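The values are calculated or read from the model by the stated rules, or taken from the named source; none is laboratory data. Remember, predicted model here, so these are calculated numbers, not experimental data. Virtual Cβ from ideal backbone geometry, glycine too; neighbours counted across all protein chains shown. Note: accessible area is taken over every heavy atom of the protein model, side chains too, but ligands, DNA and RNA are not part of it. Shrake-Rupley method; radii C 1.70, N 1.55, O 1.52, S 1.80 Å.
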Amino acid sequence: MLTIKKVPTVVSNYQENSEKGFEGCGRNCLGKCCLPVSKLPLYAFKEDNSNLIGNSVEKSSEEQPQICFLHNLLLGQWEDRMSRGLFRYDVTACDTKIIPGRYGFIAQLNKGRHLKKRPTEFRVDKVLQDFDETKFNFTKVGQEEVLFRFEKSNDHKRRFFPTAPPVTADSDSSSVVAINVSPIEYGHVLLIPQVLNCLPQKIDHGSFLLALHFAIEAADPFFRVGYNSLGAFATINHLHFQAYYLAASFPVEKAPTRRIMTMKGREDKGVIISQLLNYPVRGLVFEGGNTIQDLSDSLASSCIFLQNNNIPFNVLIADCGRRIFLFPQCYAEKQARGETIQELLDTQVNPAVWEISGHIVLKRQEDFDDASETCAWRILAEVSLSNKRFNEVKAHILEAAGFQTETEEKNRDHEGESIHDQPSPKAVAHLPQDCMVFH
């Protein structure tokens, strides 16, 4: 069994008390004792089978004002929790800089996420592990940390209920959006699918479609959704995604790609897969799809293959859901085997989805002061599978997603297609420009 000494990130103010037990309650939590009778706000999204390419412009005129509603709701509620002192530190006080170089890696000095925590043994050689109710999980979170429920509407319309009807016994378990009390960035939240079902950290088709809709509904290219599998720096084995706002392009979004041409099978779903080029971590990019479900299912099937074959991975949903990055990785396993350079371990950087995407949080002043593109590249290169191993895994991923492939030596350099060229919602203007953050 491979384990590493890991300082788990505290994502809830109830996490450090998880060993004390919760017999009885009286805490207004997310468990079965409290959530079914709660009246948390509800954002009901419209399940849309349209094509993502034109999704932002194909709304009816009566729905147009709703496009940025989730964006403003989330930030308003998040700022309310900040004013109530629910966060462990002020993320807007963190020093952040864009490192000079081709990609503009983003470095942040954030000591608050690392202090006063007890190291624990964390198993890294099993991507799929059973849910353990004796360990911290999100049913133990207090409802004051929850912003709203996020669920599919029953009438194919977007709706917001400031006080929603209680969860009924015969309904699907509620999915909720909660703050991360150790934020990486402004608006940092957790999306917890079907919280009462106590699902382990394991992607399925339904949960990934929910996360994709979350990115789409926010309607802001600066709002990204991320996922870390076990073994790829997820530290809580209770299904969750993370998301936050960062008013800058992620370096991975600017990396060139090579399109992997797909031969039409019995059913062409219109999904395009590309491979990252000239980036320190080898990865794949999923785009297109005849419908949102087509894109979601292709990525979810790929993740399910990785899970079932015990390959850790990270996922980034970018560009309002139009581009999805998939990174198989091996850093934690190399760390457990003692194969990682001590100089890199000393930085205490845990390369999860945000770091891999180019947003790197550093804990030591000297690392922040000396940060360079060479240093960032060196850290992230340790995460990547070897070229040989990546090609083996890639072939299986494409097969799992339903593709027969041949490659076309045609490069698409997305540096000329910067996310900044796309119109952003007005709410982006009030995002703090001098601070950014990590997990």
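Scan Glu79, Glu19, Glu23 and give me the residue that is outside any loop (DSSP other than H, G, I, E, B), open to solvent by 20 Å² or more (accessible area, probe 1.4 Å) and either among the aromatic types (Phe, Trp, Tyr) or at pLDDT below 70 (or both).
Numbers: Glu79 fails: either among the aromatic types (Phe, Trp, Tyr) or at pLDDT below 70 (or both); Glu23 fails: outside any loop (DSSP other than H, G, I, E, B).
The conditions single out Glu19.
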The lone condition Arg102 fails out of (1) basic (Lys, Arg); (2) at pLDDT 90 or above; (3) in contact with a strand residue (DSSP E or B) (Cβ under 8 Å, 6 or more places away or on another chain) is (3)
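Yes/no matrix, rows are residues, columns are (1) part of a helix (DSSP H, G or I); (2) open to solvent by 10 Å² or more (accessible area, probe 1.4 Å):
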site	(1), (2)
Thr139	yes, yes
Ala164	no, no
Leu190	no, no
Ser207	yes, no
Ala211	yes, no
Glu217	yes, no
The lone condition Pro221 fails out of (1) under 28 Å from Pro251 (Cβ atoms); (2) at pLDDT below 95; (3) part of a strand (DSSP E or B) is (3)
Of the residues in the stretch 318-365, those that are open to solvent by 10 Å² or more (accessible area, probe 1.4 Å), over 22 Å from Ala107 (Cα atoms) and at pLDDT 85 or above come to Cys320, Arg322, Arg323, Cys330
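Could you tell me which residue of the stretch 366-403 is surrounded by the most Cβ atoms within 10 Å (Cβ to Cβ), considering only residues that are under 22 Å from Phe250 (Cα atoms) and aromatic (Phe, Trp, Tyr)? Spell out how you get there, then give the answer.
Step one: of the stretch 366-403, the residues under 22 Å from Phe250 (Cα atoms) are 367-385.
Narrowing the set further to residues that are aromatic (Phe, Trp, Tyr) leaves 368, 377.
Working: Phe368: 20, Trp377: 17.
Once the filter is applied, the top-ranked residue is Phe368.
Please return the ranges of strands (runs of 3 or more DSSP E) entirely within the stretch 290-379 where 2 or more residues are in contact with a helix residue (DSSP H, G or I) (Cβ under 9 Å, 6 or more places away or on another chain) and closer than 27 Å to Gly270 by Cα.
Values: elements: 313-318, 323-328, 359-362.
Strands (runs of 3 or more DSSP E) meeting the threshold: 313-318, 323-328.
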Ser301 fails exactly one of (1) at pLDDT 95 or above; (2) open to solvent by 20 Å² or more (accessible area, probe 1.4 Å); (3) farther than 23 Å from Gln129 by Cα, namely (3)
inquiry  = Suppose the filter is free of Cβ contacts under 8 Å to residues at least 60 places away in the same chain, in contact with a Phe, Trp or Tyr (Cβ under 7 Å, 6 or more places away or on another chain) and either under 24 Å from Tyr244 (Cα atoms) or open to solvent by less than 10 Å² (accessible area, probe 1.4 Å) (or both); does Val285 pass it?
reply    = yes
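Just one of Asp319, Asp268, Asp297 is acidic (Asp, Glu) and free of Cβ contacts under 8 Å to residues at least 60 places away in the same chain; which is it? Walk me through how you get there before you give the answer.
On the way: Asp319 fails: free of Cβ contacts under 8 Å to residues at least 60 places away in the same chain; Asp297 fails: free of Cβ contacts under 8 Å to residues at least 60 places away in the same chain.
Being acidic (Asp, Glu) and free of Cβ contacts under 8 Å to residues at least 60 places away in the same chain holds for just one of Asp319, Asp268, Asp297, which is Asp268.
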Among (1) at pLDDT 85 or above; (2) under 29 Å from Lys254 (Cα atoms); (3) open to solvent by 30 Å² or more (accessible area, probe 1.4 Å), Asn110 falls short only on (3)
Per the filter on the stretch 243-253, residues at pLDDT 95 or above and open to solvent by 10 Å² or more (accessible area, probe 1.4 Å) are Glu253
